[in-house]
Amino acid sequence: MLAGLLCGAAAALPLPARVTFPSLDRDAGGAPVTIDALYYRPPQAAAGPVPLVIAAHGCGGMFSARADRSNQLNERGIAWTEALLADGSISGLGFSQPTQANAVFAVLDNAVADRIRERVRFYDWDRAGGEVRWMCAFDTTEADVDSFVQVIREELTA
């Protein structure tokens with residue numbers, strides 16, 4: 001995998017911490033449900049409070065039965081982009097963190113990310129470092145991934 005390739009020098013990125021928090025839901029027996037999550041603290045936020053985004057993935061959380069499908073789709077997207085990088089079709093893209101759930105962290109020029117964002121919705125993870133976060137949802141299809149990779153290809157060869 002191309003997970004270690006970065007565009008330019010970058011500091012080591014932190015690994016996510018496992019956290020839990022209470023849900024308002026109750027299980028079949030009436031007991032409170034605890035939600036398991038991964039907490040990613042942006043590397044530029046070494047001290048002090050930072051904004052927090054909570055994203056629910058699928059109906060069963062990030063570790064639901066559907067998580068394997070999202071991971072497969074992420075692997076499909078990474079495989080496509082790695083093949084395009086390897087054959088020289090595109091350049092200027094790297095993967096900055098291992099894919100551990102349904103998120104892919106990539107590094108690319110901010111201008112390219114902005115052009116891609118005009119066509120596909122995603123967020124900056126570390127704008128100063130050119131790092132973005134691409135997500136697969138529970139209802140993402142192979143065609144969605146293929147279309148997204150095509151957008152990346154078009155913008156990186158523009």
Next on the checklist: Using Cα-Cα distances under 8 Å and only pairs 6 or more residues apart, what relative contact order does the range 71-157 have, in percent?
Outcome noted: 35 percent
Checklist outcome for this item: Taking R0 as 41 Å and r as the Cβ-Cβ distance between Leu24 and Asp124, the FRET efficiency 1/(1 + (r/R0)^6), rounded to the nearest 0.05, comes to 0.85
Item to check | Glu82, Glu155 arranged by Cβ crowding within 10 Å, fewest neighbours leading | outcome: Glu82, Glu155
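Read the figures in this text as sums done on the coordinates, not as results from a lab. All figures in this text were calculated on a predicted structure; none of them were measured in a lab. Using ideal geometry, Cβ is built from the backbone for each residue, glycine included, and neighbour counts are taken over all protein chains shown.
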